[in-house]
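Here is the structure we will look at, set down as structure tokens.
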Amino acid sequence: MARKKRELQEINAGSMADIAFLLLVFFLVTTTMDTSWGLARRLPPPLLENQPDPPPIKDRNVFVVLANANDQLLVEGDLMEIGELRAAAKEFIANPNRKEDLPEFKPVDIPLLGIMQVSKQVISLQNDRGTSYDLYIQVQNELAAAYTELRNELAQREFGMSYEQIEEMAKAEEGGEKYKEMVDAIRDVYPQRISEAEPKDIGG
Amino acid sequence: MSKFKKDDNRGTPAVSTASLPDIVFMLLFFFMVTTVMREVDLKIKLNQPEATEIDKLEDKALVDYIYIGEPYNTELYGTVPKIQLDDDFADVDDIQDYIIARRADRPEALQGKITVSMKVDQETKMGVVTDIKQELREVQALKINYSTRERLPD
């Protein structure tokens, strides 16, 4: 039996691609590329027992937005469509004509900008248990957009670029500090004060 | 002469597929690295509202999710919006325990940075959302994020 020693056969790697494709398809299917986006908010801390009532705020400084169970908006006593809310909120926050029934101002010394007239505005948002979540988000979005637009206008005036651009620059690792100061200054002029009422049924 | 004339029908050689596995493996590794496994099996219909003034949720490891919406299986669970935590339906009363348990899973230094992402169907009524917000306040989980889709400007 003098057989010639057989050479080791090479393994056929032709099906390797198939196996890899199989795995690839699996990961393609299970992968979720969705990045989560959303409206970031901070809830107020829980009420303590015997907590003293906060000092009263003058009516002219409060912008009341009510949303009822039929998804209607009552803004400062007037029925309003969601499309008008942004302009109304902007007018309230900035009070460009210094009207008597819109918020008061107090001078504040702000770094980079000097002494600015900062409005004492507060936006109060109340909703019913029957309000739809969609409307609630739209209201939150419009109010946030009002602040963003005002901040943009101010940033454009003071620094020659939009607030969003400055915010973007402030995220940079190097040289971000300068822009961070600008962001803080603008936020000091137009602080976002949206207060949500303690829940209660205001009915339809 | 015939010595140099080996084969007559010399067509184009077949393209070598030997490097195909390499290419596929490269793609495979890309997807393996970037993939995030679906966190939960959704048992509710989730059609999120749209918004424009939105921020990105940065660190996914520090986010807890609360899902609210109408159950898929309406014959079994009815059409009233339900809360889903991880893979199960839950009650409003379970929220506090869930948040505390999830908080204990994280290193202590990062516990203050946990965000609660509320993924709520747009048809839901605010009542249940308000209840959850009250529960979150009770356990000092104050950083929240109303998850929305991005509305493209017209």
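Read-outs: derived from the displayed coordinates by stated rules, not from any lab. Everything numeric in this text was worked out from a predicted model, so none of it was measured. Don't worry about glycine lacking a Cβ; one is built from the backbone with ideal geometry, like all the others, and counts go over all protein chains shown.
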Quick one: what Rg and Dmax do you get for segment A:50-91 from the alpha carbons, in Å?
-> 13.3, 41
Seen from all sides and averaged, what is the projected area of the convex hull of the Cα atoms in chain B, in nm²?
-> 19.0
Signed unit charges on C-beta, dipole axis of the protein assembly as shown, positive-most listed residue B:T12, A:M16, A:A69 | B:T12
Under 5 Å from the placed amide H of A:E104, counting only residues 5+ away or on other chains, we find A:K120
GNM flexibility winner over chain B from B:E58, B:E70, B:E135 (Cα, springs under 10 Å) | B:E58
Roughly speaking, what % of Cα-Cα pairs in the protein assembly as shown are separated by over 36 Å, rounded to a whole number?
-> 40
Provide, for segment B:13-154, the number of lysine pairs with alpha carbons under 20 Å apart, each pair being eight or more places apart or on different chains.
-> 21
Non-local residues with an amide H under 5 Å from the amide H of A:R129, with H modelled 1.01 Å from N and Pro and chain starts lacking one, are A:I202, A:G203
Taking only the alpha-carbon atoms of segment A:11-85, the convex hull volume per residue, in cubic angstrom, is 253
Distance between Cα centroids, segment A:47-92 to segment A:8-25: provide it in whole Å.
-> 65
Using all C-alpha to C-alpha distances in segment A:59-150, build P(r) with 5 Å bins and read off the rounded percent in each one.
-> 3, 13, 23, 22, 17, 10, 7, 4, 2, 0
Contact order relative to length for chain B, counting C-alpha pairs under 8 Å separated by 6 or more residues, stands in percent at 27
Let me know the mean shielding of B:17-23 by other chains, meaning the per-residue number of their Cβ atoms within 10 Å of its Cβ.
-> 4
By the Cα gyration tensor axes a ≥ b ≥ c (a/c under 1.5 gives rounded; else a/b larger than b/c gives prolate, otherwise oblate), the shape of segment B:68-154 is oblate
One computes Rg over Rh for chain A from alpha-carbon atoms, with the Kirkwood Rh, and obtains 1.32
Roughly what angle does helix A:176-189 make with the longest principal axis of chain A, taking Cα atoms, 0 to 90 degrees, to the nearest 10?
-> 30
